Amino acid sequence: MNIYMEKALEEAVKANKKNEVPIGAVIVYNGKIIGKGFNKRERTQNALNHAEVIAIKKACRKLKSWRLENCELYVTLKPCPMCAGAIANARIKKVYYGADETNSTDNLCEQIFESTRLNHKVDLEKMTEYSAECSALLSNFFKKYR
């Protein structure tokens, strides 16, 4: 059991209860959660309010810096291109994720994290022990709308 991914899942459940796509994220610095978030796009009608972006904003406020160099991010779904860019620009060192994006096979997240255009590289690791739980949360959410 990973306490940080468990906390990200708790954030995803909060999103689910508010009829938001159930994705949650937490940012960890020196063993402490300094930022957390869940999707709020529907409630705020703002396309930028993804779980990762919200967590990054909170972590930046906490550290009083846009540089999150010694931080790790735990997120229930592999980051989208927008979030991957935000993560790289925040200089987060490592991202752990639970579920793969099933509609995407282009590895764009990895391409962004490894891009030579950026002066920071991000390590990406799938936590396979959480894949089924993270995927089920998303699948069950979308079954309600299909």
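Among the numbered conditions (1) at pLDDT 95 or above; (2) among the basic types (Lys, Arg); (3) under 20 Å from ASN19 (Cβ atoms), the only one that LYS143 does not meet is (1). Scanning the stretch 28-44 for residues that are over 21 Å from LEU138 (Cβ atoms), open to solvent by 20 Å² or more (accessible area, probe 1.4 Å) and free of Cβ contacts under 8 Å to residues at least 40 places away in the same chain yields GLY31, LYS32, ILE33, ILE34.
If you filter the stretch 122-139 down to residues that are touching a residue at least 12 places away in the same chain (Cβ under 8 Å) and either polar (S, T, N, Q) or assigned to a loop (DSSP other than H, G, I, E, B) (or both), you find that the one that is most open to solvent (accessible area, probe 1.4 Å) is SER135.
Yes/no matrix, rows are residues, columns are (1) over 28 Å from MET1 (Cβ atoms); (2) of a type in the set (D, E, K, R); (3) touching a strand residue (DSSP E or B) at 6+ places or on another chain (Cβ under 7 Å):
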| residue | (1), (2), (3) |
| --- | --- |
| ALA55 | no, no, yes |
| TRP66 | yes, no, no |
| GLU72 | no, yes, yes |
| THR76 | no, no, yes |
| LYS121 | yes, yes, no |
| GLU125 | no, yes, yes |
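Could you tell me whether the stretch 66-86 includes any residue that is more than 20 Å from GLU110 (Cα to Cα) and open to solvent by 50 Å² or more (accessible area, probe 1.4 Å)? Yes, the conditions are met somewhere in the stretch 66-86.
Looking for whichever is surrounded by fewer than 21 Cβ atoms within 10 Å (Cβ to Cβ) and of a type in the set (Gly, Ala, Ser) here; the options are ALA25, ALA47, ALA15. Which one fits? Just one listed residue meets the conditions, ALA47. Based on this model, can you work out whether ALA59 counts as more than 16 Å from GLU110 (Cα to Cα) and of a type in the set (Gly, Ala, Ser)? Criteria met by ALA59.
Just one of (1) at pLDDT 95 or above; (2) surrounded by fewer than 17 Cβ atoms within 10 Å (Cβ to Cβ) fails for ILE92. It is (2).
The values are calculated or read from the model by the stated rules, or taken from the named source; none is laboratory data. As the structure is a prediction and not an experimental result, all values here were calculated from the model. Note: ideal-geometry Cβ built from the backbone for every residue, glycine included; neighbour counts use all protein chains shown. When the accessible area is computed, the model is the full protein with side chains, heavy atoms only, and any ligands, DNA or RNA have been set aside. Shrake-Rupley method; radii C 1.70, N 1.55, O 1.52, S 1.80 Å.
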